[in-house]
Structure formats: C-alpha cells, structure tokens
1. Using every Cα-Cα pair within the chain, state what percent have a distance larger than 39 Å.
2. In whole percent, and with a 1.4 Å probe on the protein chains, what portion of the accessible area of the range 2-324 is carbon and sulfur?
3. Within the range 65-165, list the chymotrypsin sites (Phe, Trp or Tyr not before Pro) lying in a DSSP loop whose Cβ has at most 16 other Cβ atoms in a 10 Å radius.
4. Report the FRET efficiency, 1/(1 + (r/R0)^6), for Ala627 and Asp342, where r is their Cβ-Cβ distance and R0 is 51 Å, rounded to 0.05.
5. Can you give me the C-alpha center-to-center distance between the range 47-98 and the range 343-385, rounded to a whole angstrom?
6. Pop a pseudo-label 7 angstrom from the Cα along the beta-carbon direction at both Val442 and Leu478 and give the gap in nm to one decimal.
7. Within the range 333-401, report the trypsin sites (Lys or Arg not before Pro) that DSSP leaves as loop and that have at most 16 other Cβ atoms within 10 Å.
8. Quick one: dipole size for the chain, taken about the Cα centre, charges +1 on Lys/Arg Cβ and -1 on Asp/Glu Cβ, in debye to the nearest 20.
Amino acid sequence: MTALTIAVRFVHLGSLTLLIGAFAFLLLVGRPAFRKGGAERALDFERFDRLLLVLAEWSLLIAFASALAWLGLQATVASGLPLGQALTLKTVGTILTGTHFGRVWEVRLALIALLAWFLFFREREQDERDWTAVRLEGVLLAGGLASALAWAGHAAATEGSARLTHLAADAVHLLAAGVWLGGLCPLAVLLAWARRSPDASWTAVAQEATRRFSLLGLVSVSVLTLTGTVNGWILVGGIPPLLGTPYGRLLLVKLGLLLPLIGLAAWNLLRLKPALLAPPDGVGGGSRIAILRRLTRTAVAEASLGAAVLLVVGALGITPPALHDQPTWPFAFRLSWDANKDVPGVRLAIGAGVAGALLGAAALGCATVRGRHRPWAIGAGLALWAGVIPVPFTYLAVDAFPTTYVRTPIPYQAISIASGARLYQLNCAGCHGEAGYGDGPVIRGVASTRADLTAAHTALHTAGDLFWWLSHGIPGTLMPGFQGHLTEQDRWDLINFLRSLAAAEQARALTPLAEPTPWFAAPDFAFGTGVGTGQALKDYRGRAIVHLVLFTLPRSIPRLEQLDAAAEKIARAGARTVAVPMRDAAWIYRKLGSRAVTFPVAAEGSEEIVATYTVFRRTLAAEGLPAVPAHMEFLVDRQGYIRARWIPPERPGWDELSRLLAEIERLDKEVPRAPAPDEHVH
Ligand code: HEC
C-alpha cells in the first residue's frame with residue numbers, strides 16, 4: 001500500500017510538473033526564442049506549440065486519474081478497509097465532505113475541471129493576445145493546482161505562527177520546481193529539433209532558448225533553495241532529526257540527487273551556454289551540433305534526476321516529519337561545546353582548525369590560477385584541510401548513544417519528579433546515596449566521581465544519554481541497566497528527578513533576595529483547593545508572580561495569619577500566594593479551623609508538590625542534605641522560574657514583610673529576559 005501511495009503521488013507530482021512546465025516554457029522561453037529565428041521558424045513554432053499543448057492535455061488527464069487514485073487510497077487509509085470495500089459512496093463521501101484532505105481535493109478537482117475546459121474546448125486563437133491569454137491561464141491554473149498541494153501536505157499540519165510561512169514556502173517551492181523541472185522536457189525537444197537542422201535561424205532559436213532557460217533555472221534554483229531551507233527548518237529543525245529519522249534521511253537522499261542536478265545546470269550555464277553563444281569563429285556548424293547534442297543530453301539527464309527527486313518527494317509526503325519523530329542517533333559520538341569548554345587546549349585547537357581551514361582555502365584559491373605552482377597549491381590546500389580540520393572535532397567529541405537525542409515524553413512536573421524520587425530511594429539510593437552524592441553503602445569505597453549525581457557533569461548529558469544508561473547500564477562499572485525492571489515511564493520519571501536533583505544542588509545559593517538571572521525552572525504542578533475546579537502553577541504564567549508557601553500546622557499559623565492580613569498588599573505588588581500543607585492535607589481545613597485564609601490552600605496534589613519542592617532545600621550553609629524544614633517559601637516569577645527562597649529561621653528573612661514585598665516588586669518591574677522554561681528535559 002505504501003509503495004502504491006508513493007507511486008500515485010509520484011505520478012501526480014510528475015504530471016503537474018509537466019503541466020506547469022509546458023505552459024511556462026511556451027510563454028517565457030519558447031515564443032521569444034522562436035521569434036529570434038525569424039519568419040522562417042514560424043511554422044516550426046506552431047508545431048512546437050501544438051506539441052506542448054498535447055503534452056499538457058495528456059498531463060492533465062494523468063493528473064486527474066492520479067488524483068482519483070489518490071482519493072481512493074485515502075479512503076482505504078481512512079476507513080482501514082481493503083481497497084475494494086473502501087471505495088463505496090459513503091466512505092468517499094465522508095472523506096470529501098468531512099476531512100481537510102477532502103476539501104482540498106475538491107478545490108483541486110475544480111481547478112482541473114476549469115483547466116480541462118480551457119484546454120479541450122478552446123477555440124482557435126485569433127491573435128497574439130488570445131494565444132497569450134490561454135497559456136497564461138494554463139500557467140496560473142496549473143500553478144494553483146500544484147500550490148494547493150501544500151494544503152494537503154505536512155505544511156497544513158504545522159501549528160502556530162510558522163503555519164502561514166510554511167504553507168507559502170511550500171506552495172512557492174512546488175511552483176518553482178514545476179517551472180524548472182517541467183521546462184526540461186520542452187527544452188530537450190527544442191534543442192533536438194535545432195540540432196537536426198543546423199542553419200542560422202535554428203541556431204538563433206537554440207541560443208535564445210538556452211539563454212532564457214538558464215536564467216529561469218537560476219531564479220528557480222534560488223527560490224527552491226530558499227523555500228526548501230525554510231521547509232526543512234520547520235519540519236526537521238536540527239542535525240539529530242536530519243541524521244536520525246527516516247524523514248531526515250529521505251531528505252538527505254533528495255539533497256544528494258539535487259546536488260548533481262544543480263551541478264549539471266551550473267555546467268550548462270558556465271560552460272555550454274557561453275560556447276553556444278560564442279560567435280562562430282570558423283569552427284563551423286560541426287561543433288555547434290556537438291554542443292547542441294551535449295546540451296540536449298544534459299537536459300535529459302537533468303530531467304531524469306528531477307524525476308528521481310519527485311519520487312523521493314512522493315515518499316517524503318507520507319513519512320512523519322522528523323520534528324515529530326524520535327531520532328535514533330547513528331554515531332557513537334557527538335560534538336558538544338558545553339561538555340568540553342573547560343578541556344585544556346580546546347580553544348587553541350578550534351583556532352588552529354579555523355586558521356588551517358582558511359589557509360587551505362587560500363591555497364586552493366591560488367590553484368585556480370593556471371601555472372606551474374598549481375599542483376603544489378592543490379596539494380598544500382588538501383593536506384592542510386585533511387590535517388587540521390579534524391583536530392577541533394577530536395576535542396569536541398563526546399560519547400553518544402542511539403537515544404542521545406530522544407526527547408522525554410514526560411513533562412518536568414511535580415507528579416513525575418515525585419514518582420522519580422520514590423523510585424530513586426528504592427532502586428538507586430543504595431549506590432548513589434540518599435541525597436545523590438554517590439556515597440551509598442553499596443559502593444562506599446569504590447572510587448568513582450561519576451557516581452555523584454549532583455555534580456555538574458550530570459547536567460551536561462542529554463536526557464537521552466541518561467535514558468540509555470538507565471536502560472542499559474554503563475559497561476565496565478557497577479552501574480546496572482534497568483530496562484527489564486523499570487518501565488519506560490519510570491525511567492523518564494527518574495530522569496526528571498535527576499534533573500531536579502542537579503538543579504537543587506546548583507540552587508543551594510538561593511536566598512530571600514531574588515536571583516538576577518532566571519535559570520531555575522519551577523516544576524509545574526496541579527492542585528485543588530477542595531472547592532471546585534483544579535488549577536496549575538502554569539496558569540499563573542504571564543499573569544502573576546507566585547509566592548509559594550509550604551507550611552506545617554500548627555507551627556506556621558502565625559505566618560499564615562500574617563500573610564493573610566497582607567494578602568492585599570502582596571496582590572498589589574504583583575504576586576499571588578499559594579499555600580501547600582506539608583502534612584495532614586486531608587483535614588487541613590479542619591485544622592485551620594476558623595482561621596479561613598483568603599489565598600488558595602492546595603489540599604489536593606500537595607504530596608507531589610512537597611516531595612518535589614523539598615528537594616530544593618539544600619543550602620550553602622548546610623553540608624550535604626539538611627533535614628526537611630517545617631516551613632519554606634519560594635518566589636516564582638511570571639515566566640515560571642524560581643527566583644528566591646526563604647527557609648525560616650534564615651535572617652534577614654521574609655518575616656519582615658517589607659523584604660518580601662520589595663522582592664516581589666523587583667520581579668514585577670522586570671522586563672522578561674528568558675524564554676519560558678521548557679517542560680521537557682534536554
Ligand atoms: C549497584 C550500584 C548502582 C546502582 C543500583 C545504580 N547505580 Fe548509577 N551508577 C553507579 C556507578 C558506580 C556509576 C558510575 C559509573 C562510572 O564510574 O562511570 C553510576 C553512574 C550513573 C549515572 C551516570 C552519571 C554521569 O553523569 O556520568 C547515572 C545517571 C546513574 N548512575 C543513575 C542511576 C539511577 C537513576 C539508578 C537507579 C535507577 C542507579 N544509577 C542505580 C552505580 C549504581
């Protein structure tokens with residue numbers, strides 16, 4: 001079925017390409033070229049014109065037939081039935097009226113009908129204006145037909161602000177491809193005709209056609225490169241998805257076909273065209289014919305490569321875009337600046353690499369000048385490149401695994417971190433220590449600095465690296481793999497917990513004074529106040545600073561009363577207080593009794609919030625992991641970063657309300673500097 005779908009898409013794309021190409025070629029290349037041939041070639045032009053219109057008619061019929069086949073295939077895919085049973089009026093009707101694909105298909109069918117009407121029922125053109133009008137309508141309708149495919153492809157599924165850009169780039173890409181690739185066949189025919197009758201007027205026709213088509217090709221290739229880059233960026237978005245997903249690899253195949261195609265076009269432009277246009281300095285018609293033959297051959301070769309490109313495009317359309325796919329990294333290493341920036345000599349190596357690359361380029365540049373020095377220059381250039389360019393890469397390489405660039409499917413939220421924390425105590429603490437310092441009883445005495453999970457190096461690995469180690473272990477060390485023991489979700493929960501652990505270690509320096517730069521993402525959490533609907537920390541994003549209070553009764557009662565009395569002041573400064581009971585959440589309202597507070601008290605969900613946020617209790621003052629305090633407060637800025645923390649009895653603290661208000665006001669005035677933290681670990 002997949003092969004059939006690819007074949008149908010290929011035939012459809014191919015016929016559209018020929019359709020656009022025929023009309024565009026007649027208007028932009030054929031007519032002006034034959035004019036150069038003078039009155040002698042007028043009859044030939046009529047013949048050429050008729051031939052291309054027949055080509056267009058057949059292309060249109062094939063486009064129509066393949067569109068029908070496509071609809072049939074879509075019916076089988078959508079209904080899940082075999083082809084024979086899927087083709088009922090009901091399923092096809094549902095697709096046509098009820099799906100996006102169906103609506104785009106209807107519009108395109110209308111365009112096909114309109115074009116057919118123009119083509120098959122046109123009257124003989126009376127004059128030049130009529131002639132132009134029909135071909136122009138042809139280009140516009142065929143172009144519309146091809147561009148509308150953008151709305152049936154991946155671009156239609158792009159969301160957000162990139163959608164319009166993507167659709168526009170895709171539509172223009174299809175159009176430019178049609179004009180260029182579709183023009184190659186007519187060009188080959190024209191050149192072949194010219195070759196067969198080597199007189200001056202035919203030469204003039206061939207010269208003008210080549211000149212114009214080169215220009216057309218240059219413009220089209222530029223447009224294709226630009227729009228292709230935009231599309232590629234939106235659908236692939238980076239090197240790992242390019243190398244590690246089926247979509248990315250197909251795209252590489254497409255580029256691999258395009259490079260020789262563009263190379264051939266460049267050869268035409270730079271070598272054959274000037275030779276054809278050069279005045280015949282006694283070389284005679286013979287060499288002209290040879291040049292024309294070569295031009296024809298390259299046009300045919302280009303057209304074949306173009307067809308292969310369309311085949312790949314046919315396959316790309318039904319492959320999930322790399323962006324939505326999990327990449328499988330193909331190499332055992334990757335390059336990382338962050339992991340290696342402190343390695344001695346790395347800057348020197350990069351400097352040397354860049355200098356060597358430039359010098360090599362300069363030597364190769366010298367080699368373009370003819371002379372006896374040439375072989376030396378080429379040798380020196382290549383030797384420099386081969387010897388020096390790899391040097392910085394050896395410095396920047398770090399180990400990588402197939403899952404290195406896999407993204408976590410589980411957001412960085414309290415519920416996941418809390419579950420990870422539980423799993424950690426059960427499975428990992430024996431070796432890595434209760435607090436992650438690598439000092440568990442099982443491996444005490446084994447010298448391994450890497451077992452300290454709070455150290456900076458853990459943060460340098462991608463989440464995908466950690467996932468690989470958690471699944472398969474680290475060979476040659478005590479670190480075991482947990483693939484058979486923990487589910488995938490468990491392993492991602494653990495990774496979220498490890499991220500919070502690393503953050504907690506770095507956040508030891510947090511104080512009641514707001515951190516100047518936001519970097520410490522506040523894990524999101526959902527909570528319920530016991531009355532009505534649930535809320536999430538994220539709901540406050542962009543709206544208010546959150547003053548998060550973790551409290552224990554009865555100890556925190558005076559503080560809650562103080563905050564309640566100041567609620568209005570705090571709100572005016574720009575913050576909302578959210579209180580989370582650290583114990584006895586189920587009967588917290590009973591315990592609060594008549595001291596009903598006006599801010600939300602997270603009675604539901606508190607367990608996960610407490611498990612997660614108490615990880616952030618490490619301070620510079622205490623060595624290792626301090627005991628869980630009875631009361632903690634945090635300020636989370638509008639973008640979702642934790643910026644300040646107060647753990648009583650730290651002094652000076654927020655028990656002096658003016659200090660709390662001052663920090664809130666400071667954050668409130670701030671212009672947002674960092675992007676909102678990502679829910680996913682990288
Ligand atoms: C039997 C002891 C043992 C157990 C159990 C264990 N580990 Fe390890 N782990 C180690 C040792 C030892 C290392 C250091 C390996 C090295 O020296 O390269 C390590 C390394 C790691 C690393 C790599 C750290 C880095 O930055 O290089 C991670 C991540 C890790 N362990 C996570 C876990 C998690 C999560 C669990 C529980 C699911 C766990 N480990 C269970 C012994 C253990």
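The values are calculated or read from the model by the stated rules, or taken from the named source; none is laboratory data. What you are looking at is a predicted structure, and each value in this text was computed from that prediction instead of being measured. Virtual Cβ from ideal backbone geometry, glycine too; neighbours counted across all protein chains shown. With ligands, DNA and RNA removed, areas are computed over all heavy atoms of the protein, side chains included. Shrake-Rupley method; radii C 1.70, N 1.55, O 1.52, S 1.80 Å.
1. Percentage above 39 Å: 55.
2. 69
3. The qualifying sites are Phe121.
4. So the FRET efficiency works out to roughly 0.90.
5. Taking the Cα centre of the range 343-385 as reference, the centre of the range 47-98 is 56 Å away.
6. 0.8
7. Here the trypsin sites (Lys or Arg not before Pro) that fit, given the DSSP loop and packing criteria, are Lys341, Arg370, Arg372.
8. Charge dipole of the chain: 1800 debye, to the nearest 20.
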